[in-house]
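The structure appears right after this line, and notes come after that.
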Amino acid sequence: MTGWGWFTMSIGTVVLWALLITIAILIIRARNRASGPPRTSASAPPGQLLAERFARGEIDEEEYQRRLAVLRGNGSGLAEH
């Protein structure tokens, strides 16, 4: 076997081990993510869920304030629309 053959075999071995380690890490992460408790809307109060949506940027400040007012029961945001 020539020098290039040894070099190619060495690189192939390193790539194989890197691939196996990457697959193992991805499987472990997928298992850990799947084993966590399921997130349901019933597990948190509505105000907290609304605040989380606002923090993630799913709703803007105006919509947050309007929905929060409805949740608190004063309903002042309903007359606008």
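Within segment 64-73, the set of residues being open to solvent by less than 90 Å² (accessible area, probe 1.4 Å) and at pLDDT below 90 comprises just one member, GLY73.
Is it the case, given these coordinates, that GLU61 is modelled with pLDDT of 85 or more, within 20 Å of the chain's Cα centre (by Cα) and of a type outside the set (A, V, I, L, M)? No.
The values are calculated or read from the model by the stated rules, or taken from the named source; none is laboratory data. Remember, it's a predicted structure, so these values are computed and weren't measured experimentally. Just the protein is used for accessible areas: all its heavy atoms, side chains included, with ligands, DNA and RNA removed. Shrake-Rupley method; radii C 1.70, N 1.55, O 1.52, S 1.80 Å.
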